[in-house]
Amino acid sequence: MGKIYLQMDEGIPQFVCTECSSCRSIMGISLCSVQNRGCCAYFPKFELHDIHKMSKSQEGLNLLDKIRNMPGTEIYNYYIHAKGYFDESGYNKFIQSKIASEYDLDDKTVFFRACPFVKPGKGCTLPVKYRHYICNVFICGEVVERAADLELYQRYIEECSSYARWMKWENDSLEMLLREKGITLKDNFDEVVELLKYEPIEYYEFPTLPEIQIESGFSIGA
C-alpha cells in the first residue's frame, strides 16, 4: 500500500507519490537510450516566477547560469525552455511499426524523450524549490486510478488549480514589470535577473492536505 502526500520545500508545494520508486506506469516506459527515467519526459519551461526564485540566492543564480548555457536551452522574452533528449529517428521508426498500437497513449513521443535534468534511476536532479510547478505536482493517471479516496484526490486537483492560477498571476505581473522597463530575457538577460534580485517575492500559502492511500497493483512499464 503506497500513498500520495503533500510536502513543502521552502514554501514550494510538491505532491509526493511513494510508488514512483518502483514505477511500472505506461508513462514510465522509455524506448530511447535514457533508461529508468520514470515519467520525466517533459521539457520544462522556467517562467518569470521560477527565475525570480533563482535570483534570490547564489545557489539559484548558479543553477540559472547552468540552465541558460545548456545546449538545448532556448530563451524567449518571458520564459526559458530547457529542451532535453528526443530520439526522433527511433520515434519515426516506432510510429510506423505494428507494435505502436500496443501502447495505449495518445502522445507516443513520451517514450522517446527525457528531461535534461533527469538522472536515470535517480529522478530529477533539480532542487524542488527551483522546479517548474508542473514537475512538482504531476501524478500519473494510473496511480490516481488506484487512489483509495478519489474525492480526497479531487481536493488535491482543486488546490493545484488554484495554485496554477496564482502562478499565472505572478508571471503576468512580472511580465508587465519587464514590459514597463522595456527589457526581456531574450535581449536583456542579465538586466532582468538583476532587477528580479531586488524585487520582493511572494509565496503561495498552500493548505494542508491529508494523505491519500494507494491500492497495490501495477500496469506495464519501465
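Assorted remarks:
- Output for the range 2-55, where each listed residue is at positive phi and not acidic (Asp, Glu): GLY11, ASN36, GLY38
- Extreme residue, surrounded by the most Cβ atoms within 10 Å (Cβ to Cβ), among residues of the range 1-36 that are in contact with a helix residue (DSSP H, G or I) (Cβ under 9 Å, 6 or more places away or on another chain) and part of a helix (DSSP H, G or I): GLY28
- The range 144-155 residues that are within 14 Å of LEU209 (Cβ to Cβ) and in contact (Cβ under 8 Å) with a residue 60 or more places away in the chain, paired with ones that are small (Gly, Ala, Ser) and surrounded by 12 or more Cβ atoms within 10 Å (Cβ to Cβ) (beta carbon under 8 Å, 6 or more apart): TYR153/ALA147
- Count of residues meeting criterion [small (Gly, Ala, Ser) and open to solvent by less than 50 Å² (accessible area, probe 1.4 Å)] in the range 128-151: 2
- Test: GLU191 is surrounded by 12 or more Cβ atoms within 10 Å (Cβ to Cβ) and more than 14 Å from TYR76 (Cα to Cα): yes
- Qualifying residue in the range 152-174 (condition: surrounded by fewer than 18 Cβ atoms within 10 Å (Cβ to Cβ) and not in a helix (DSSP H, G or I)): no
- Unmet requirement for ILE183, which otherwise passes all of (1) over 20 Å from PRO13 (Cα atoms); (2) touching a residue at least 24 places away in the same chain (Cβ under 8 Å); (3) crowded, with 16+ Cβ neighbours inside 10 Å; (4) not small (Gly, Ala, Ser): (2)
- Considered as a group, the residues in the range 65-101 that are touching an Asp or Glu at 6+ places or on another chain (Cβ under 9 Å) and either closer than 26 Å to GLU199 by Cα or free of Cβ contacts under 8 Å to residues at least 12 places away in the same chain (or both) include one that is surrounded by the most Cβ atoms within 10 Å (Cβ to Cβ), and that residue is ILE80.
- Flag for ARG24 being at pLDDT below 95 and under 16 Å from the mean Cα position of the chain (by Cα): no
- Matching option when the condition is within 16 Å of GLY38 (Cβ to Cβ), in contact with a Leu (Cβ under 8 Å, 6 or more places away or on another chain) and of a type in the set (A, V, I, L, M, F, W, C), among LEU174, LEU105, LEU126: LEU126
- Of all residues assigned to the range 37-44, at least one qualifies as being in contact with a strand residue (DSSP E or B) (Cβ under 7 Å, 6 or more places away or on another chain) and either open to solvent by 50 Å² or more (accessible area, probe 1.4 Å) or aromatic (Phe, Trp, Tyr) (or both).
The values are calculated or read from the model by the stated rules, or taken from the named source; none is laboratory data. Since this is a predicted model, take the numbers as computed values, not measurements. Note: ideal-geometry Cβ built from the backbone for every residue, glycine included; neighbour counts use all protein chains shown. For accessibility, only protein heavy atoms count, side chains too; no ligands or nucleic acids. Shrake-Rupley method; radii C 1.70, N 1.55, O 1.52, S 1.80 Å.
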